[in-house]
Every structure is written in C-alpha cells, then in structure tokens.
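Down below is the structure, laid out as structure tokens.
The values are calculated or read from the model by the stated rules, or taken from the named source; none is laboratory data. Values in this document were obtained by computation on a predicted structure and should not be read as measured data. All Cβ positions, glycine included, derive from the backbone under ideal geometry; neighbour counts span all protein chains shown. Side chains are part of the model used for accessible areas, which takes the heavy atoms of the whole protein and leaves out ligands, DNA and RNA. Shrake-Rupley method; radii C 1.70, N 1.55, O 1.52, S 1.80 Å.
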Amino acid sequence: MLAVEVSSPGGPEVLKIVERPRPEPGPKEVVIEVHAAGVNRPDCAQRQGTYPPPPGASDILGLEVSGRIVAIGKEVKRWKVGDFICALVNGGGYAEYVAVPEGQCLPIPDDMDLVQAAALPETFFTVWTNVFESAGLKNGESILIHGGSGGIGTTAIQLAHAFGAKVFTTVGKEESVAQCKELGANVVIEYKKEDFVTVIKDQTAGKGVDVILDMVGGEYFRRNLTCLSLKGRLVQIATIQGAAVELDLRVMMAKRLTLMGSTLRPRSSEEKTKIADSLLQRVWPLLNDGRLQPVIYKTFPLSQVKEAHELMESSAHTGKIVLLVKK
Ligand SMILES: NC(=O)c1ccc[n+]([C@@H]2O[C@H](COP(=O)([O-])OP(=O)(O)OC[C@H]3O[C@@H](n4cnc5c(N)ncnc54)[C@H](OP(=O)(O)O)[C@@H]3O)[C@@H](O)[C@H]2O)c1
C-alpha cells in the first residue's frame, strides 16, 4: 500500500510517499480501506520530531480517517466487513489501509460524506474529553476558546454553543471572525488587534469566564488566569508559545481555580473507547441531525501532503484540512 513516511525530522519537504506492507488486524482490531484522512497540528509536530508516536503506534503519520472496513479480527463484535466508519487511529492514517481497535471507530453521521467524516475524530475526541469530561463545561457557563479558527477551535465553538455555553474565542485573522460567529461564538476577539484580557473583563463585567481551552501557553498562561472567574477551570492541550510558565499560587488559591491539561494520543484504547461511547451517545445525535458539522477548509490528494502541511503551518486556514487517500 502507499503511505506517507517522515524520511527524517524536518519541514514539509521530508514527507515521502512510500510502499509499505498492508496491516493485518489484531484480535480486537478492524482494517480500514482509507477514503480520507484529517490533517492535524500534532502531525506537523511529529514530522518535526517533537511529538514521537507512543510505543506500539505506527510511525506513519495520521490520527483520523474515514473509510470502509475490509478485514476484522477474531474478537471484533461491533463491526463487520463492508461497514463505512470514521476512526481515531493511533497513527498510520496517511495510508491506503490502517488497523485500529474497534472501540475507536464511530459510524458515519447521517447525510455526511466520507470527507467530512474524516475530519471529525481527532477534534471531537479532544474537545469532548477536555472541555466537557475534564473541565465540566455546563449549560449557562462561559468559555474562552483560543485558536478559534483551527480544527480544534471550530469544533470547540460548535460544541460549547450547542451545549448552551456563552462562547468567547480568539482569532489571528479578520477572515475568521464571521465564520466563528456563524459557528456559534458570541464574541470573537482578534488577538493581534485587541487585548483578550481587556475584552473578557469588559464583556463579563469583571467576572471572567468559567472555562478556558488553551493551546498557546507561554505568556498566555498568566493572562488566562486573569480571565478566569471564581472556581474557573483552565484546560491546556498544547504549548505553541512555550511550556515553562510561572504560577503565582496566590491567584490560584484566591480564585479557587482548577488547572488541568491532557494529551489524547498516549491514552489506552480502553480510555479512547469510553470517549467514543460518550460521543456516540451525546454528540452523534447532533451530527446526525445536522446541528453540528465539521468545517472543511481545503482537501488535497495524498500526493500533495507536503502542500497540506505547508497550508496548516501558514495558519491561513479556518477549519480542517483533509487528505483524499482513495483514488
Ligand atoms: N492535547 C491533545 O490531545 C491535542 C489533540 C489535538 C490537537 N492538539 C493541539 O491543539 C492545537 C490545535 O490543533 P489543530 O489541529 O486545531 O491546529 P490548527 O488547525 O492549525 O489550529 C491552530 C490555530 O492556532 C492558532 N495559532 C497558531 N499559532 C499561534 C500562536 N503563536 N499564538 C496564538 N494562536 C496561534 C492559529 O489560528 P490563528 O492564525 O487564527 O491565530 C491556528 O489556526 C495544536 O497545538 C495541537 O497540537 C492537542
């Protein structure tokens, strides 16, 4: 089969399309003939050598796919050969075939095509487990979502809005403002033109927001704490601007804050299956009736994977970038 390999850590030019053996299913795995694969920022980090795959995971890039099941392991109960699904894979998504534990697969939502479905798993699993399961965002609360224009951001805005939260988001480019509002953001802050701390204080009458979803870190950390309300929760999912930060413990104590963070990829298949089951029950009905939809910015054939990574790293996109794998 054809697959995308990182020839050596570096820029998008190190991505090479190579021949690899087709995977066989383990006892609890299915093999998917990949139709499309989502591109995610962590793929760029893996390519650069700063986010190595966890032990046992494929070295081939790609964390999410859609496609048709072509083989199943002996103990597989949920799926059969021929089913069309989307899946959170542990690696190996940028390839014609990938093996994945059955519990990490979900049905294609009604009226959704395979390209849209390939754009769901990574951001929906990440946002659901961090914002709703860990930070416990509730109906009537408020949330500040940084990176609102990205794949994670566009999913987080829609989910938070759908579950009744007031949504604040930050974006770097003017073109993203209207789209984030359409997705459900109440207030969109252009962080290059406005100070997000000032806007949050003004808009909340000094109270602050209940939850912040942050992937920036660095100097955002101190400013995020300023924006949190009493009993606010900060959930950190990446550190684009730096991981080492200074914490004034008195701020945490005075506001009774909860600081948390997580990475999805190293979690066990059992944990990922639990998230999938919760998504199926709570979120898939909203995808089935069209209330939530992935935002697809651009698709590329697998042969243009280099261009897809260049686009992601330019941050010119709003929403998701998807690779078309099946010819
Ligand atoms: N912890 C986890 O389990 C997990 C899982 C998936 C993803 N992630 C992380 O979540 C982040 C978003 O992933 P994604 O796939 O949604 O990527 P993405 O589509 O590229 O979105 C990231 C957005 O962040 C903004 N951004 C980039 N550099 C920035 C900076 N220096 N300061 C402020 N904003 C900046 C950009 O929007 P603007 O140009 O509008 O600023 C960009 O569109 C990544 O850092 C990724 O590693 C974490």
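Couple of notes before you dig in:
- Lone qualifier among Leu292, Leu247 - being surrounded by 19 or more Cβ atoms within 10 Å (Cβ to Cβ), modelled with pLDDT of 95 or more and in a loop (DSSP other than H, G, I, E, B): Leu292
Results for (1) out of contact with any Lys or Arg (no Cβ under 9 Å at 6 or more places or on another chain); (2) more than 21 Å from Asn186 (Cβ to Cβ); (3) open to solvent by 10 Å² or more (accessible area, probe 1.4 Å); (4) assigned by TED's automatic domain parsing to the domain that holds Gln46, shown as yes or no for each residue.
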| position | (1), (2), (3), (4) |
| --- | --- |
| Gly82 | no, yes, yes, yes |
| Val89 | yes, yes, no, yes |
| Gly93 | yes, yes, no, yes |
| Met112 | yes, yes, yes, yes |
| Glu141 | no, no, yes, no |
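- Residue check: Lys231 meets all listed conditions (1) assigned to a strand (DSSP E or B); (2) within 13 Å of the ligand (Cβ to nearest atom); (3) open to solvent by 20 Å² or more (accessible area, probe 1.4 Å) but one, namely (2).
- Screening Ala57, Ala156, Ala87, Ala160 for residues that are within 16 Å of the ligand (Cβ to nearest atom), of a type outside the set (Ser, Thr, Tyr) and in a loop (DSSP other than H, G, I, E, B) leaves exactly one candidate, Ala57.
- Flag for Ala238 being of a type in the set (A, V, I, L, M, F, W, C), within 16 Å of the ligand (Cβ to nearest atom), surrounded by 15 or more Cβ atoms within 10 Å (Cβ to Cβ) and not assigned by TED's automatic domain parsing to the domain that holds Glu13: yes
- Taken together, the residues in the range 133-161 that are free of Cβ contacts under 8 Å to residues at least 40 places away in the same chain and in contact with a helix residue (DSSP H, G or I) (Cβ under 6 Å, 6 or more places away or on another chain) amount to 1.
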